Structures are given as structure tokens and as C-alpha cells.
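Step one of this worksheet: look at the structure below.
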Amino acid sequence: MTARPDPAEIEARLGRVLDPELRVSITELGMVKGVRVGDDGTVVVEVALTTLGCPLRAEIRAEVAAAARTVPGVRDVEVRYAEMTPEQRSALMARARKAAQDRAPATEVPARTRVLAIASGKGGVGKSSVTVNLAVALARRGHVVGLLDADIWGFSVPRMLGIGGRLRGEDGKIVPHELPVPPGRLVVTSMGFLVDDETTALMWRGLILTKALEQFLTDVRWGDLDYLLIDMPPGTGDLQMGLARLMPRAELVVVTTPARAAQKVAARVADMARRSHLGVLGVIENMSELVLDDGRRLALFGSGGGEELAEELRVPLLARIPIAPEVAYGGDEGRPVAGHDPDGPAGRAFTALAERLAVDLAPPVQMAGCTARLAALFDVGA
Ligand SMILES: Nc1ncnc2c1ncn2[C@@H]1O[C@H](COP(=O)(O)OP(=O)(O)O)[C@@H](O)[C@H]1O
Ligand SMILES: [Mg+2]
């Protein structure tokens, strides 16, 4: 005859259940609203979800039930769902952020470094071109800029910068490549400096991908950076979550084309931001228009997509980078346009973008404002 199970003990066991998305204990997140034990050993657990339509609720229920059953005397477990209020959701996000900060392994990136993750809903929008040229433009302002090519299986930063060669190790740390861009410099890592060919890179998946990002952040001797730009792989998913855990202060910059398919991309990016709890700094529209020699402009890929996405996400449109052949061949030849043709239409746009980030948007996003904005995104994404 076992004693009637103790609700406090059940709650303690529930503390080991992690939210499948946030990887933080559901009790720590305030999701367990009540534990009741009946005379016959039946347990009722009330779980508050961010939204009742949460696709992961079956998973949460199974884990809650399994954890509760590990307490002697527990017979049946019933899980009841409740929906969080907007205030509770904001509180949950604040807790998730705090937990991520407390748990993240120490990175080699100095606390003062501004971390910008350049992301896009899909590939081919010019994310890497934008990342590389923004890095060059910031260095030309005199900054020391780290460039982390986190597009593990589609890395293109080595080619775009025209640098190669294996990274070397020193005292258990990886020494990144350095590239002077007077009066500043670039400090660069890429999977392209670690693997022999792209086929090897293709084998990297899922958790290993996150592990690679973690290694890039914790094992690379970055030095004293002003900025760290991260070229994220296209799409949503694991890596954004991993980044949020490792560097909760990172801000997302979303690259899009002017095509008005922005709605879909917006929804995906909003969802990505919601799931990863990263703040969104703004949108960059790339391939905006083709500027002809006589000054005429052709909107080859449509127009308005950047503005639409920025509005949808309630963040500023940071720049519109024109279509320019020199962006493409500069990338192919390892001579980024922001350094080699700073006075052309694309070069000027990158210089202005760097200026805007360094001057107008200098202070990091406030935590409170960021959380409030994410709460808004949450409603968009849900
Ligand atoms: N503003 C631009 N003008 C002209 N070509 C561009 C521009 N931005 C990117 N490209 C070209 O488009 C292709 C995709 O760009 P890339 O930066 O590799 O995209 P992503 O990293 O999003 O996959 C490349 O060939 C690149 O040179
Ligand atoms: Mg790319």
C-alpha cells in the first residue's frame, strides 16, 4: 500500500519536462498551473499553453504524464490545457530569455559586441551578398567586424571574400582568418575553412548544425569585435533556436526581395522570431531596382516587398539595395562591391546601411521593447 502521492513531489518531477521548443523546464516557464491528486491516486495537471492550438501539445501531454507517473502511487494522469493571456505570454518569453542567458555556454564573443544575424525566409535572396558587403562597409567605417558564415552546407563567404585555407588552432582555440579593410578589419570563419569540399558539408544536419554554431561561437578566438555578423542558413528552424540559446541578445536582420510574395515569408520569419525569441532589428530589401546608366530605374523583381514585410513585422526598412551586376561578379571574384566600387549604386546603398546601423540604430534594442514587440509578433505568428 503506497501513500497518497504528494503534489509537491509531482511538481518537482514536472520540472524535468522541457518545453519542446524552448528547451526550458515547463515549471520554470510558469506553464504548470496546478497539480491535484485524488484519493484514488488520479492526478490532474493543468498546463497553460501559449496558444491552445499549440501543435506540440500532444508531446507536452505525453511527457507530463510520463513524468508524473514516476512518482509512486500515481495511477492515472489527466492533462488539462489552458490558454495564456498576453501578459502571461510576455512573462513566459521573459523567463525563456533569462533561462537562455543563464544556461548559455560562455562564448568567445565579447559582451560589448553587437551581434546581428542575417536571415531570410528562403535562399537566393542575396543574404550572403548582403552580409559580406555590410561587413565590408562597417569595416570601412573603422569597425572591427566578425563574420560568421553559419550557412554550414551552403557556405559562400570564402568565395565572396576571395579567401581560403584551413583555419589553424592555437592553445585549444580556432584562429579565424583576418582581412584588413582599412581603417577597420574583418575577422572571418566559415565551414569552408574547415571541410575539404562541399560534399562533406552536406552531411551536416540538425543538432550537428547547432553544435557547429556553438563551436564557432565558443571555440573561435574572435578578439575584441565591434560587430559580429552571422550569415544564417535560409529558412527557419534549429539554428535560430540554437542561436537564441547561445546568444539571446542577437538581433535578426531579415533580407527579402521586392517581390510581393512577402506575406508568406513574413509569416515564416515572424514564426521564426517567435519561436527563437530573438528581436528583429529590421528588414533589408535586396535586388530592389536596376539602376541604368542614364539614371532610369527598372523594378525587375517587382516592388514594395521590403516595405510590406517591414510593416508586417513592425520594424523599420533599413535599406533597399539595388540590383547591380557588380554585386554578382564582385561576389564571384572575391571583391565585394562595398569595398571595390563604394561609389556605385550598390556600394552607396551598403555604405548608407552601415551608417544607419552604426549611428541611427546604435543602441541595442531594449529588452522590454523587444519583448513587447515579440508579443505582437506572437499574435501575428500564432
Ligand atoms: N543586389 C544584387 N544585385 C545583383 N546580383 C545580386 C544582388 N544580390 C545578390 N545577387 C546575386 O544573387 C545570387 C544569390 O545571392 P546570395 O548572396 O548567394 O544569396 P543567398 O545567400 O540568400 O542564397 C548570387 O549570384 C549573387 O551574386
Ligand atoms: Mg548564402
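Please treat every number below as a calculation from the coordinates, not as lab data. All values reported here derive from a predicted model rather than from experimental measurement. Positions of Cβ are generated from backbone atoms using ideal geometry, with glycine treated the same way; all protein chains shown enter the neighbour counts.
Overview of results
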| read-out | value |
| --- | --- |
| Local electrostatic count, residue 320, Cβ distance below 10 Å [Lys/Arg +1, Asp/Glu -1] | -3 |
| Degrees between helix 367-381 axis and first principal axis of the chain (Cα, 0 to 90, nearest 10) | 80 degrees |
| Solution diffusion estimate, µm²/s, Stokes-Einstein, the range 7-84, Kirkwood Rh from C-alpha pairs, 20 °C, viscosity 1.002 mPa s | 175 µm²/s |
| Antiparallel DSSP beta bridges within the chain, as percent of all bridges there, nearest 5 | 30 percent |
| For 39, 341, order by how many other beta-carbon atoms lie within 10 Å, fewest first | 39, 341 |
| Ranked by how many other beta carbons lie within 10 Å on average, peptides 111-122, 241-252, 3-14, 52-63 from highest | 241-252, 111-122, 3-14, 52-63 |
| Angstrom value of the Kirkwood radius, inverse mean 1/r, which spans all Cα pairs in the range 114-381 | 18.5 Å |
| Sorted peptide list for 145-151, 213-219, criterion being average Cβ within 10 angstrom, highest first | 145-151, 213-219 |
| The range 15-64 - percent relative contact order, Cα under 8 Å, separation 6 or more | 30 percent |
| Mean shadow area of the range 79-224 over all directions, Cα convex hull, nm² | 12.2 nm² |
| Residue-averaged [θ]222 nm for the chain, counting only DSSP H segments that reach four residues, each worth -39500 (n - 2.57) | -11500 deg cm²/dmol |
